[in-house]
Amino acid sequence: MNADCIVIMGSNMAEAHPVGFQWVMEAKARGAEVIHVDPRFTRTSALADLHVPLRAGTDVAFLGGVIKYILDNDLDFREYVTAYTNASFLVDERYVDTEDLDGLFSGYDPETGSYDRSSWQYEGVDAEGADGVRAKEQSSSYEAGAGGAPLEGVGEGVASDPTLEHPRCVFQILRRHFARYTPEVVSTICGVPVDRFLRVCRAWTENSGRERTTALVYSVGWTQHTTGPQNVRAGSIIQLLLGNIGRPGGGVYALRGHANIQGSTDIPTLFNLLPGYLPMPDTSHENLAAYLENIRGKDQKGFWYNADAYTVSLLKEYWGEKATPENDFCFDYLPRINGDHATYRTVMDMVEGRVFGYFLLGQNPAVGSAHGHLQRMAMANLDWVVVRDLAMIESATFWKDSPEIETGEIVPEKCRTEVFFFPAASHVEKSGTFTQTQRMVQWRDQAVEPRGDQRSELWFFHRLGVLLRERLAGSTDERDRPLLDLAWDYAMEGDEPSAEDVLRRINGIDLRTGKPVNGYPELRADGTTSSGCWLYSGVFADGVNQAARRRSHLEQEAYDLEWGWTWPLNRRVLYNRASADPEGRPWSERKALVWWDAEKGEWTGHDVPDFERAKPPDYRPPAGAVGPEALRGDDPFIMQADGKAWLFAPSGLVDGPLPTHYEPHESPVRNLLYGQQGSPARKVYGRPDNPSNPAPPEPNLDVFPFVFTASRLTEHHTAGGMSRQVPYLAELQPALFVEVSPELATERGLAHLGWAHVVTSRGAVDARVVVTDRMTPLRLPDRVLHQVWMPYHFGQSGVVRGDVVNDLIGVVVDPNVFIQESKVLTCDVQPGRRPRGRALLEYLEGYRRRAGVTEETGTRIATAGRLDPPAHTERT
Amino acid sequence: MGVGDWVRSWPVYRQLTGTDRLGRGAAARSRRSAELTPRTASADRVVGSVCPFCAVGCAQKVYVKDERVIQIEGNPDSPISRGRLCPKGSASKQLVTGPQRQEHVLYRAPYASEWQRLDLDTAMDMVAERVLDARRRGWQDRDEQGRTLRRTMGLAGLGGATLDNEENHLVKKLFTALGAVQIENQARI
């Protein structure tokens, strides 16, 4: 609402986050310019000042063009960039850029498809975790937690050139890296007219600086790509160059799609994370000391240095009094990871018969995960599945009504999987917290009791824990110790643990007094505090459930600090120290947020300062200082090992220190800029049951000539389990459809509201045709390229039904976070309905044959500079 | 009621003589419509909640009467939503009270073609047994280089992102203590 311009890219905010979109409209009413960059004209575009259609999956090229525009025209906010980013830092002389290696960075190994990252470091600085193979196998961007990989030697300052002229300083590297991303190149790659691209550049830069700020909004339209994190990085670089981070009306907004998906990463159920972005230990971590050494540098700056306090406090919450200094606080009770154990790899392991049991907790992968066919075949090969949900969903009934029943690939009488369906309690039948998309934790009070066998997850997992411990009581097997020693002693309300007590224990307890701690700075590494998630420390400050505060916004100041509670420490704008200049004065009165009050000797302002309250702007650390003490008074990025925001990421990412334009895994277009076609570090799973459509330089591109993308409707929710069953919503959006342009309709003979089917090498799905100029044919230099779009909410059960759109999508993932590329692939579209039964299998086989698809297709990922790159299949 | 009152109660009369000439307000009101009250007015209590769909976090007011949810509306006090709900949030009463809600544990035996009912305690016992069995079969003490693994690869999980923070905490804690690592979430997707 404080923004002067809002750029929405990779998000259909009006459709997917409609109530949040009111604030965009509020800003627009105050004069802000709203820009929507998206392949399709959507409800968001309709309300924007400018819609820019681009080819799906070319976001880095577009954003790279904006970066070049900023640098070429000296439009960066130079004081901010110099003081608060790593622009002036010098990079190791061994670093070689993609401009010189045909699309690869230095350190690439085509045999493993991964990088040795040691040459990407600052001059004279060592970084841990440069082992690319291990990193790519373990999604190790999170390996080092929220602070990125540890840096050694930054305590004393990194070699830098404040004039930004040194050829190896980050600023100059940035210039060279994006030198070829001209408006004309952007236009050719993205299919965007030059004048529209330049209009975006002008709006973004004219609305940034001392007096003005631009907000950047994205959703999974940016993340579900093999270059997902690099899309976000590119946006962040722009926001940093323009000084739009930590300031009112600025920022990068990741609009998340589920009520508690933010909380699900903060207090994660993810294979590579412990709560608070602490990494899961791996096989190289023999003990707690080795683990901590891997997370933080010995002399690094910032609050991540205190990872020992966060880790020990977590172990104290897990194992209570059993966790002592003598036994390393039970560190050895933690299981170790040593590879890719993410959901898609696990599903393939199910197909191989290596996994026996599966819990699905409010999740419907038969419809909602990429490659629905693979998901269902995996479940049909398990010993048992536990499904917990509000209503009957496809993932519970795959054995009797999945599409594979019709094709004969699953036969109920031959399917051995036991299925347990447990009805779940809904959001009004239990108390607890959701963390919304801007990190605000909000408490829900229980309204009514659940009925019949309906229970919360809290009840289910507590009860399961009790039963397991009963069964193992008296066991002398060392492997059972972690379970038997577990602190499983939450206060009970009837037969259910008290959610408030669990939240209190997540907040953390001072074990000497038994009182809740007031924030993570109070956590200790000596075992005198416990905390289930250090980031949430403070949610129970003063013994009060801060998340349950509901003081009306009508009675509060602009930042509404008494509604809910935002991590960390109720700070609403992250890194808001950057809203003031190095001397601690607001960059401008119009954009004041927090500032230094010299009289009182503290930071103050409209928001809670994201900075040590009493540290003056001119504070300089004493020699040898580490951790928070080593942060200068003008280092706003307090979680970073060097206190600076990273334009260039010397560590933390496994696919490059800078975003680079790569084509999607499946693309009809050859990379215009480099011999390297797609992301050279993307993770492919080359196997017969996960085929890819061909992409250049492979032949037969005409079999799947169109670009496919998919997303949400307002009236449905994800895999449909919470919306297709609800009559009001089903009535509002009754059928699956595919949007095509009038030109494509003519080309393929598709009739408006008639049937068509969309085909890939994985599957074919039926849909009603919607012919609309919301889909713009893209004019590339050598041809017109068509894109098609589908909503993905449908499945075979519920009030309204339809084919599973995820059946079209294969599994190929980004190497940093292992998220699938489901926002862009290639496809064919044909009029009429698809074949059914065995005929469907033959039909797909015909497509694969014509396209020359084998399990090697798409797996020869290193296409730069060599004629015969190795295939990365499961056989090799 | 006298004749005069009767005539004056006639809507057309009120429309012609009153200020509501278009007959869209006071003139069209009948005794019945004047006495109607929203069902929210008769609720026994109003409970503060949060919408379970997307991540905007719109505040909801849940109206309860006779221990049943009778209405769910937006909470105007919220600085996030200012009382607004989208079509999904507005339909959330149907989500929580509709006939699609399952109330009983169901069990599909191997090779069976239909569900059968199962008692909750029995089902919990069966799951506990299977968890220990799968854990044992997938157990790995050490890798080929002798380094600690202390885990099982026999169990997996995928959580939706509508679970509460408190629930996720227990899920992660219990599975970690079991040695299960393939415990994932919609957040990966």
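The values are calculated or read from the model by the stated rules, or taken from the named source; none is laboratory data. On a predicted model such as this, the values are computed, not experimentally measured, just so you know. So basically every Cβ, Gly included, is an ideal-geometry build from the backbone, and we count neighbours across all protein chains shown.
Quick notes on this structure:
- Helices (runs of 4 or more DSSP H) within segment A:304-398 that include 3 or more residues more than 11 Å from every other protein chain (Cβ to nearest Cβ) and small (Gly, Ala, Ser): A:307-319
- In this structure, A:Gly235 does not satisfy being within 14 Å of another protein chain (Cβ to nearest Cβ), in a helix (DSSP H, G or I) and either in contact (Cβ under 8 Å) with a residue 60 or more places away in the chain or buried (at least 24 other Cβ atoms within 10 Å of the Cβ) (or both).
- Among the residues of segment B:100-124, those that are facing chain A (nearest Cβ under 7 Å) and either in a helix (DSSP H, G or I) or of a type in the set (S, T, N, Q) (or both) comprise B:Gln100, B:Gln102, B:Ser113, B:Leu120, B:Ala123, B:Met124.
- Looking only at residues of segment A:764-773 that are among the β-branched types (Val, Ile, Thr) and not in a loop (DSSP other than H, G, I, E, B), we find that the one that is surrounded by the most Cβ atoms within 10 Å (Cβ to Cβ) is A:Val765.
- Scanning segment A:280-310 for residues that are under 20 Å from A:Gly508 (Cβ atoms), touching a residue at least 60 places away in the same chain (Cβ under 8 Å) and of a type outside the set (Gly, Ala, Ser) yields A:Ile295, A:Arg296, A:Phe303, A:Trp304, A:Tyr305, A:Asn306, A:Asp308, A:Tyr310.
- Looking only at segment A:820-830, residues that are of a type in the set (D, E, K, R) and away from chain B (no Cβ under 14 Å) come to 1 in all.
- The single condition among (1) under 27 Å from the mean Cα position of the chain (by Cα); (2) assigned to a loop (DSSP other than H, G, I, E, B) that A:Thr205 does not satisfy is (2).
- Residue in segment A:733-743 that is within 14 Å of chain B (Cβ to nearest Cβ) and surrounded by fewer than 23 Cβ atoms within 10 Å (Cβ to Cβ) present: yes
- Of the criteria (1) under 18 Å from B:Asn165 (Cα atoms); (2) over 34 Å from the mean Cα position of the chain (by Cα); (3) of a type in the set (S, T, N, Q), which one A:Ser475 fails: (1)
- Answer residue from segment A:434-448, given it is closer than 11 Å to B:Ser49 by Cβ and buried (at least 24 other Cβ atoms within 10 Å of the Cβ) and is farthest from the other protein chains (Cβ to nearest Cβ) among those: A:Trp443
- Every residue from segment A:27-71 that is in a loop (DSSP other than H, G, I, E, B), of a type outside the set (S, T, N, Q) and touching an Asp or Glu at 6+ places or on another chain (Cβ under 8 Å): A:Gly31, A:Ala32, A:Phe41, A:Asp49, A:Pro53, A:Leu54, A:Gly57
Here's the yes/no breakdown for (1) part of a loop (DSSP other than H, G, I, E, B); (2) in contact with a strand residue (DSSP E or B) (Cβ under 7 Å, 6 or more places away or on another chain); (3) surrounded by 22 or more Cβ atoms within 10 Å (Cβ to Cβ); (4) not assigned by TED's automatic domain parsing to the domain that holds A:Pro734:
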{"residue": "A:Met790", "(1), (2), (3), (4)": "no, yes, yes, no"}
{"residue": "A:Arg801", "(1), (2), (3), (4)": "yes, no, no, no"}
{"residue": "A:Pro815", "(1), (2), (3), (4)": "yes, yes, yes, no"}
{"residue": "A:Thr826", "(1), (2), (3), (4)": "no, yes, yes, no"}
{"residue": "A:Gly846", "(1), (2), (3), (4)": "no, no, no, no"}
{"residue": "A:Gly858", "(1), (2), (3), (4)": "yes, yes, yes, yes"}
{"residue": "A:Ile861", "(1), (2), (3), (4)": "yes, yes, yes, yes"}
{"residue": "A:Ala864", "(1), (2), (3), (4)": "yes, no, no, yes"}
{"residue": "A:Pro870", "(1), (2), (3), (4)": "yes, no, no, yes"}
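- Flag for B:Leu170 being of a type in the set (A, V, I, L, M, F, W, C), at the interface with another protein chain (Cβ under 7 Å from one of its Cβ atoms), free of Cβ contacts under 8 Å to residues at least 24 places away in the same chain and buried (at least 17 other Cβ atoms within 10 Å of the Cβ): yes
- Subset of segment B:127-138 [in contact (Cβ under 8 Å) with a residue 12 or more places away in the chain and either within 7 Å of another protein chain (Cβ to nearest Cβ) or in contact with a Gly (Cβ under 7 Å, 6 or more places away or on another chain) (or both)]: B:Val131, B:Ala134, B:Arg135, B:Arg137, B:Gly138
- Scanning segment A:212-270 for residues being on the phi > 0 side of the Ramachandran plot and among the hydrophobic types (A, V, I, L, M, F, W, C) gives a total of 0.
- From the list A:Val811, A:Val784, A:Val799, A:Val817, the one residue that fits, being touching a residue at least 12 places away in the same chain (Cβ under 8 Å) and away from every other protein chain (no Cβ under 12 Å), is A:Val784.
- Taking segment A:78-103 as the range and being assigned to a helix (DSSP H, G or I) and buried (at least 23 other Cβ atoms within 10 Å of the Cβ) as the test, the residues that pass are A:Tyr80, A:Tyr84.
- Options A:Asp489, A:Asp510, A:Asp477, A:Asp485; residue that is touching a residue at least 60 places away in the same chain (Cβ under 8 Å) and surrounded by fewer than 18 Cβ atoms within 10 Å (Cβ to Cβ): A:Asp489
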